[in-house]
Amino acid sequence: MSESVVSEIKRKYMHKLAQANKRIDGRSFNEYRPLRIETGIIKKAEGSAKVELGNTKILVGIKLEQGEPYPDTPDSGVLTTNAELIPMASPEFEAGPPDENAIELARVVDRGIRETEVIDLEKLCIEPGEKVWIVFIDIHVLDYDGNLFDASSLAAIAALLTAKVPNERFDMGEDEPLPIKNDPPISCTFVKYGGVIAVDPCLEEEIIAEARLTVATDKDGNIRAMQKGLSGSFTIDEVRKIIKAAVDNGARIRKILNESTGRENGKEN
Amino acid sequence: MSKKPEDLKLIDENGRRIDGRKPDELRPVKIKAGPLYRADGSCYIEWGNNKILAAVYGPKETLPRHEQHPLKAIVNARYNMASFSVEERKRPGPDRRSIEISKVVGEALEHIILVEKLPRATIDINIEVLDADAGTRCAGLTAAAVALADAGIPMRDIPVACSAGKVDGQVVLDLCKEEDNYGEADMPVAIAPRKKEILLLQMDGHLTPQEFDEALELAIKGCEIVSKLQKEALLEKYIKEVGRENE
């Protein structure tokens, strides 16, 4: 997502700001942008959430359909994640099939949800080997101002936590909440530029970043997933600092997530 | 237009429609100008249960260069439905229906843009249907018009669209999902309200010439109501911005 260019003069200005302990949008280096999560906004979807992280806006919709299970997991539902970087969100995004950036985004979000077993896929089996629920997570990026990873995983998780199984539409009785197994991980992304480390990069910071690290933590403050990106490097001390900041920020973000999805203390409502 | 179930009544004995509206009543319409940060102009519209975002990028240089028009700007409209906006998940990407809608909406808007003032340029219009409930092309065009104005694109007027049709033998304004599925006719209309020029006109179903006159008049009446809301939305955004500057 770094096809955008920041002029050399702006890059130098941002490095100068960094030396004076300042960021281009006035935040401190450990400060997340204002976060708003809204759920249940799309009537036609089985679950939906809109996440606004500063100027970045993501909409995720969940649809459930019935289909055949994979042969190696005949009694498990199927999870599919898809991301669309639609041209509405940025002048650099183009219409057409998902490019490598959209695929990377979808896979990182998918991995977090799949590996933590947020959804109880075994409860989504209708007839073993024949018919199971297929859960589609569709990520729609509406407005791009950096940090799509955090905003998209959060929107996907909020949409899943408030989604329902549309039994009624398939004449199978009443709708019921989507079965949730484990507490979701919260991902927190950091970038390094000009010798400083900044949480939740805005677009300009993302463009000039030398290295990126995403850390997902669970509700007990343990690490669940990490992903380093870009060609720069981190020192061991920097990674330790990032992990600590990810735990702190993760707890704050989890609180907002629980409030907006009606889950208290991580328990199902 | 599908076959209507025998016992389904779209208009009751008091002349009320299936969602409680009178024949000439619009669904609630809410318009917000400029909700997006990156786009040059944008608009969010809620029209009944439809939720639609429109974004405009441009005018910008047409690339590749051999596609430039030496005398006018190229208007590219893209109507797209989110895969979760409909009952049964839609496969992402354009289908034949959205390609057709993109074309007619783009042509309607091009007429009102002063394209001759912007040679070699491109104006991209994106319409994203987030939640669909009949009448998305009208709501989408209405939102796109506000987004164009928000982007400062020179225009002769602010286009607006609304549909009229026929259900249970009665001409009605702004069809909802059930009426669209089981009604006898649906006719989306877009106009330039100042001179009442017709920019988009489609119809499917069955109307007598008298019913057509009645439906067109009704659709234009609907357009005029929505046109006021478009202008209010734009005013609200810019009054706020000016207010902030004066603080």
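Test B:ALA39 against the criterion of being touching a residue at least 24 places away in the same chain (Cβ under 8 Å), surrounded by 20 or more Cβ atoms within 10 Å (Cβ to Cβ) and under 30 Å from A:GLY146 (Cβ atoms), and give yes or no. In short, yes.
Just to be sure I understand, how many residues within the stretch A:95-117 are without any contact (Cβ under 8 Å) to a residue 24 or more places away in the chain, assigned to a loop (DSSP other than H, G, I, E, B) and more than 10 Å from chain B (Cβ to nearest Cβ)?
1
Screening A:ASP120, A:ASP183 for residues that are more than 14 Å from chain B (Cβ to nearest Cβ), closer than 25 Å to A:VAL78 by Cβ and at pLDDT below 95 leaves exactly one candidate, A:ASP183.
A single entry from B:GLY93, B:GLY48 fulfils the requirement of being without any contact (Cβ under 8 Å) to a residue 40 or more places away in the chain and at positive phi: B:GLY93. Restricting the stretch B:109-134 to residues that are part of a loop (DSSP other than H, G, I, E, B) and more than 14 Å from chain A (Cβ to nearest Cβ) leaves a set whose member that is surrounded by the fewest Cβ atoms within 10 Å (Cβ to Cβ) is B:LEU114.
Scanning the stretch B:76-96 for residues that are away from chain A (no Cβ under 11 Å), over 15 Å from the mean Cα position of the chain (by Cα) and either of a type in the set (Gly, Ala, Ser) or not in a loop (DSSP other than H, G, I, E, B) (or both) gives a single hit, B:ARG96.
Checked against (1) within 21 Å of B:GLN68 (Cα to Cα); (2) surrounded by fewer than 21 Cβ atoms within 10 Å (Cβ to Cβ), B:ARG91 meets all criteria but (1). Kindly indicate whether A:GLU122 is farther than 19 Å from B:ALA39 by Cβ, in a helix (DSSP H, G or I) and acidic (Asp, Glu). When the stated conditions are applied, A:GLU122 passes them. Residues in the stretch A:61-77 that are more than 8 Å from chain B (Cβ to nearest Cβ) and open to solvent by less than 10 Å² (accessible area, probe 1.4 Å): A:LEU64, A:GLY77. Given the condition in a strand (DSSP E or B) and not aliphatic (A, V, I, L, M), answer yes or no: does some residue in the stretch B:14-31 qualify? Yes - at least one qualifying residue is present in the stretch B:14-31. Evaluating B:VAL105 against the criteria (1) surrounded by fewer than 22 Cβ atoms within 10 Å (Cβ to Cβ); (2) in contact (Cβ under 8 Å) with a residue 24 or more places away in the chain; (3) of a type outside the set (Phe, Trp, Tyr); (4) not in a loop (DSSP other than H, G, I, E, B) leaves one unmet condition, (1).
The values are calculated or read from the model by the stated rules, or taken from the named source; none is laboratory data. Here the structure is a predicted model, which means the values were calculated and not measured. Don't worry about glycine lacking a Cβ; one is built from the backbone with ideal geometry, like all the others, and counts go over all protein chains shown. Heads up: the accessible areas ignore ligands, DNA and RNA and are worked out on the full protein's heavy atoms, side chains in. Shrake-Rupley method; radii C 1.70, N 1.55, O 1.52, S 1.80 Å.
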